[in-house]
1. Lys24 is checked against (1) more than 19 Å from the chain's Cα centre (by Cα); (2) over 21 Å from Pro267 (Cβ atoms); (3) of a type in the set (Lys, Arg) and fails just one. What number does that condition carry?
2. What is the residue count in segment 115-127 for residues that are in contact (Cβ under 8 Å) with a residue 24 or more places away in the chain and over 19 Å from Asp325 (Cα atoms)?
3. For segment 61-77, state whether one or more residues are in a helix (DSSP H, G or I), within 23 Å of Val243 (Cα to Cα) and within 14 Å of ligand 1 (Cβ to nearest atom).
4. Of Ala333, Ala350, Ala289, Ala326, which residue is among the small types (Gly, Ala, Ser), surrounded by 21 or more Cβ atoms within 10 Å (Cβ to Cβ) and in contact (Cβ under 8 Å) with a residue 24 or more places away in the chain?
5. Quick one: in segment 200-259, of everything that is β-branched (Val, Ile, Thr) and over 21 Å from Tyr166 (Cβ atoms), which residue is nearest to ligand 2 (Cβ to nearest atom)?
6. From the list Leu75, Leu69, pick out the single residue that is within 16 Å of ligand 3 (Cβ to nearest atom) and of a type outside the set (Val, Ile, Thr).
7. Of everything in segment 236-288 that's among the polar types (S, T, N, Q) and either in a strand (DSSP E or B) or within 11 Å of ligand 3 (Cβ to nearest atom) (or both), which residue is nearest to Ala117 (Cα to Cα)?
Amino acid sequence: MRKYRIALLSGDGIGPEIVAEARKVLDAVSSEAEFEWLEAPFGAQAYFDTGRSFPDETKQICDEADAILKGPVGLSKEETERIPVDERPERGAALPLRRRYDTFANYRPVILPPSRAHFSPLKAAIVGDGIDILILRELVGGLYFGAKERGVDDSGNRFVNETLEYDEQQMARIMHVAFGEARKRRGLVHNIHKSNVMLSSVLWNEVLDEVAAAYPDVALKHMLVDAATTALCLDPGQFDVMVMENMFGDILSDLGGGLIGSLGLMPSACVGPEKAYYEPSHGSAPDIAGQSIANPYAMIGSMAMMLEISFGLGAEAAAVWSAMDAVLEEGYATPDLASGVEGMTALATAAFGDEVVKRLRAGG
Ligand code: NAD
Ligand code: IPM
Ligand code: MN
């Protein structure tokens, strides 16, 4: 029997609450495979406990694991300021994790079936046949990882320099993922860029044309990133796969959460050449942490993406998705989706997980 070792990083804020649900759901999945959990400290709490937000012990556990399941990290602005800048969990843990495993391909699906149109702030006529977009965000280049300096000039003026760095190979590899995924879907890639201003986008578009030549069967459209934000709101149904650099992808994927009704519906996969890690697109939601109202859908969905992408367990992943979707469709959801919606029953975080488990057991 194949056994998979999963490094489990609970993170901060709502992290432990939603990670517990993902673990509970996987433990209820019926599978020939076995799963072993390797818990490890990561994030702000890890810093307070050990002095490091990505401790060496955690690096070793992640190195040895077959995949990594990660809750969000981070604290409120005020709490974050208790931690030295370089150890703050985003800079000191999340980005080093991405760099360590070169997780360049960030899959951020934005999905709203027509049956869930009532979750969206968009008019029913705009939701139309539903939203099914795969945002592919380059995750280890650009402004996030370029050289940075901060200083004071001769006249006492504080300045900062942050560099947007990419090379053509870094660009090409995420584009190949985008075309490959489009082939499995509706065969359309939207290239999201800003070549009217950014030199990085000029090179990006040149590389894209070269890569696209290998995929004549996939349609390619180009859209400036500012126009794309409006297009996502007014006609999301036109998009299939969208590919973009790191910072554009950070922002547009959160817009995606808005379109479908909650960031709590945005799972993600961060895939590298040898290892992948899985986390929701959203953050640690300090405003609702500890209240048992966080939506665990994105966290459980990220776990399902792990089953499929890292372990090749497509049937198990599909069972998790259909159990979760059944819960929503039968009118149960956490308050981010259920509050004030007629016919919906609001559930606590753990109760949502219990409903998913119940349907998984009934189905398998
Ligand atoms: P956020 O995504 O944590 O929250 C934005 C809003 O969405 C809040 O109102 C929050 O309550 C709500 N929300 C988010 N996830 C939810 C869920 N699962 N269920 C219900 N509501 C949910 O963004 P923020 O407040 O800007 O950031 C908080 C912290 O998270 C910051 O420290 C930030 O750096 C960090 N962060 C971490 C990650 C990560 O670890 N991958 C991602 C994004 C932000
Ligand atoms: C995300 C987050 C991260 C990012 C932070 C926490 C480093 O916002 O995963 O979207 O900006 O990439
Ligand atoms: Mn983000």
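Read-outs: derived from the displayed coordinates by stated rules, not from any lab. Remember, it's a predicted structure, so these values are computed and weren't measured experimentally. All Cβ positions, glycine included, derive from the backbone under ideal geometry; neighbour counts span all protein chains shown.
1. (2)
2. Within segment 115-127, residues that are in contact (Cβ under 8 Å) with a residue 24 or more places away in the chain and over 19 Å from Asp325 (Cα atoms) number 3.
3. No, every residue in segment 61-77 fails to be in a helix (DSSP H, G or I), within 23 Å of Val243 (Cα to Cα) and within 14 Å of ligand 1 (Cβ to nearest atom).
4. Result: Ala333 is the single residue among Ala333, Ala350, Ala289, Ala326 that is among the small types (Gly, Ala, Ser), surrounded by 21 or more Cβ atoms within 10 Å (Cβ to Cβ) and in contact (Cβ under 8 Å) with a residue 24 or more places away in the chain.
5. Of everything passing the filter in segment 200-259, Thr229 is nearest to ligand 2 (Cβ to nearest atom).
6. Of Leu75, Leu69, the one residue that is within 16 Å of ligand 3 (Cβ to nearest atom) and of a type outside the set (Val, Ile, Thr) is Leu75.
7. Once the filter is applied, the top-ranked residue is Ser253.
A quick yes/no check of all residues on (1) touching a residue at least 40 places away in the same chain (Cβ under 8 Å); (2) out of contact with any Phe, Trp or Tyr (no Cβ under 7 Å at 6 or more places or on another chain):
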| site | (1), (2) |
| --- | --- |
| Asp254 | no, yes |
| Gly258 | yes, yes |
| Cys270 | yes, no |
| Glu279 | yes, yes |
| His282 | yes, yes |
